[in-house]
1. Would you confirm whether or not segment 335-342 contains a residue that is of a type in the set (Asp, Glu), modelled with pLDDT of 80 or more and open to solvent by less than 20 Å² (accessible area, probe 1.4 Å)?
2. Mind checking which residues of segment 177-208 are part of a strand (DSSP E or B) and open to solvent by less than 20 Å² (accessible area, probe 1.4 Å)?
3. For segment 416-440, which residues satisfy the criterion of being surrounded by 15 or more Cβ atoms within 10 Å (Cβ to Cβ) and charged (D, E, K, R)?
4. Scan segment 542-566 residue by residue and report those that are within 17 Å of residue 596 (Cβ to Cβ) and of a type in the set (Phe, Trp, Tyr).
5. In segment 434-444, how many residues are modelled with pLDDT of 85 or more and touching a Leu at 6+ places or on another chain (Cβ under 9 Å)?
6. I'd like the residue in segment 129-182 that is small (Gly, Ala, Ser) and in contact with a Pro (Cβ under 6 Å, 6 or more places away or on another chain) and, out of all such residues, is modelled with the highest pLDDT.
7. How many residues are open to solvent by less than 40 Å² (accessible area, probe 1.4 Å), modelled with pLDDT of 75 or more and either within 30 Å of residue 332 (Cβ to Cβ) or part of a strand (DSSP E or B) (or both) if we restrict to segment 391-413?
8. Is there any pair with a first residue in segment 296-321 that is under 21 Å from residue 378 (Cα atoms) and exposed (fewer than 15 other Cβ atoms within 10 Å of the Cβ) and a second that is among the hydroxyl-bearing types (Ser, Thr, Tyr) and at pLDDT below 80 whose Cβ atoms are under 7 Å apart and which are 6 or more apart or on different chains, and what are they?
Amino acid sequence: MKKLLFIITLVVYSSFQAQNNNVFPDYQKQDIPDHLIDEPVIILENRTTLDYLTGADFRRLLFRRAIIQNKEGAEEYSKIFINEVNNENLDRIEVRTIKPDGRIINLQENDIITTRHQEGNGYYTVNGYKIVVPNLEAGDVVDLYYSFSFNRIEISQEVYFAQKYPSLISTIEIRNASRFQVNAFLENGDTPCDVSERDLMKVYRWTKTDLPGLGSDDYSSLSRKMEHLNCYLWEKGSSLTYDYFYFRFSESVAFDEFNLANMKMLLANGVLKKEDTPLNNLIRFNDFIDTAFTWESVSSSKLNNRNPNDCFSDKVIAYSLLYDYWSRYLKLLKSDYILGYTRNKFDGPIAENYFIPNHLETPFFILMEEETPYYFFLPGRDRSFKVNEIPYEFEFNNAVLFYHSYKKKDATDIKFMDIPLNDFRKNNWNSRKMITIQDDNISFRRQDNWSGVFAQEFRKPLSDGNYPFDIDEMLTEAEIQDSSFQFDITEQESKCSFSWKGTATGLQEKVSEGISQFNIGKALTGFSFEISSDERNNDIFLPFGYRVKDNIYITFDSEVQLVEADENLKKELKNDAGFFVYSIAQADPKTIVVTLQYGMFGSIFLSNQLHLITEIETQVKKLSEQSFMYQKI
């Protein structure tokens, strides 16, 4: 067997050497379809090759041939961005241009300007290289070849056929000389696979023709609803377990148990109580991490390449370590648990038996106690753990579940589920404000109470000391002389109260003799609806389900009277999506009260209901413009 592997290594290496002597295939002029005549750039051929080599080496190669159609295309294609994946090494890059008269200009190594670069689209950023191709003109053909290598086999890959520009032909090829079995399947497509053997390697090839362009660069977030290739590796004879599935080729230390020193620390701090239930033990464990540990970034020197047991002893933690800590602790408790991974709702459900690690995104734990599931998700920005507090962005995401039993060596039971929805009716924001006006001086008191999702979002200030909401716009126009602030947190809700005294120039203004305008919009609670949608097929909208109630009491130093038409004293809107109520009333001779209420009747809406959400949102956005007129009696 060793001899055979050695021979394969030599053959594969020779194959690559032979290919690299002439990386560009011969060029023959091609006719451009009429419907692509006006495109600035057309990809004549795009070929992506994934090589799984002997040992633990992986190589990704790309050949792309493009024709420049016009001046716009020459400007765009003169700077090409190629992205790297998982810190791959750029081994080789070749670029040449073929002029309309047939002349071939090979860019020498010193002429190819490659700079480390980062691209982004507001959703995420990737690192890579920017290549500058000089002196491009309409009619030029540009050949690009590059190869990345990685000294660790990538257990899974997702490869897309389509590119930024339209492609006449696009090919994905897998060549396997490793000891692993390649499983590959197409999602959302039926392009046939051609299987062959070449140089003692299995070769898999998929080819598509006449592909429309995406209109965006490679770094853009591509929809999994597009046709693309998934491939992953299994060791022959292995079973589908989480430990194999995720950690086989990971640089992380495989899940293990806490060492004796850490067990003693847990006992000494009253965290581990063997007579208590696993659920209570895990809650105490999270509280211990919350109060005694320091959160670090994954790249921190305190965590890098260190054993998780040592990190735990030093009381440091990062998101990448949290699930390791949880798993060790649950093994210590000899508790069965479920490890789940979410998949974005807009990427569609995970097909059973056809999924890869790239499909699995945010992990979470489920602990069963008396047949009741208890969910543990990553803590929010405040680093507070809450049982069954499901982040709203994960609601009804598809998930893969791996069942772990401490009695079994392998957890082979895998199921699929949709993450439950929160009860949006618990998402309440109640605000009460008292404004007292004495001549030009103003005293202001405010109390806010949040529950549900609001309690998650507004639980603690950000790292810079500010809160993730605008306390009051009028504070920016106020000269504050004295103020106080208090923030209280309970298990189910968050409370905030503050007060200040001073002068505010923009809160009220004189309109005419004896009549003033009070700009109440500066004190109203406003919150824009957060609408998520699948923009690729426009079929689902998910507003941030919540309800708001705001009462504002304005007390003057003398008796006042509202000077407003009856139709301006109350505005009300109700439709099948939600409601909006705004009213102004005289509470007593010196006090005017403004009441605001709005909310949604649900948290999931179809696209044909978008106009109903927009009606409510339009009224909310107008709040900052609200005012009323009054006169002193």
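1. In the first step, residues of segment 335-342 are kept if they are of a type in the set (Asp, Glu); the result is 336.
Add one more test, that the residue is modelled with pLDDT of 80 or more, and what stays is 336.
Applying the additional criterion that residues be open to solvent by less than 20 Å² (accessible area, probe 1.4 Å) yields none.
No, segment 335-342 contains no residue that is of a type in the set (Asp, Glu), modelled with pLDDT of 80 or more and open to solvent by less than 20 Å² (accessible area, probe 1.4 Å).
2. First pass over segment 177-208, keeping only residues part of a strand (DSSP E or B): 181-187, 193-198, 201-208.
Scanning segment 177-208 gives 182, 201, 203, 206.
3. Passing the criteria: 425, 426, 432, 433.
4. Selection gives 546, 553.
5. 2
6. Step one: filter segment 129-182 for residues small (Gly, Ala, Ser), giving 138-139, 147, 149, 156, 162, 167, 170, 177-178.
Pick out the ones that are also in contact with a Pro (Cβ under 6 Å, 6 or more places away or on another chain) and you get 139, 156.
On the way: 139: 95, 156: 68.
This residue is 139.
7. Of the residues in segment 391-413, 10 are open to solvent by less than 40 Å² (accessible area, probe 1.4 Å), modelled with pLDDT of 75 or more and either within 30 Å of residue 332 (Cβ to Cβ) or part of a strand (DSSP E or B) (or both).
8. Hits for this filter: 298/320.
The values are calculated or read from the model by the stated rules, or taken from the named source; none is laboratory data. Note that the structure is a prediction, hence the values are computed from the model and not measured. Neighbour counts run over all protein chains shown; Cβ positions are idealised from the backbone, glycine included. Accessible surface areas use protein heavy atoms only, side chains included; no ligands, DNA or RNA. Shrake-Rupley method; radii C 1.70, N 1.55, O 1.52, S 1.80 Å.
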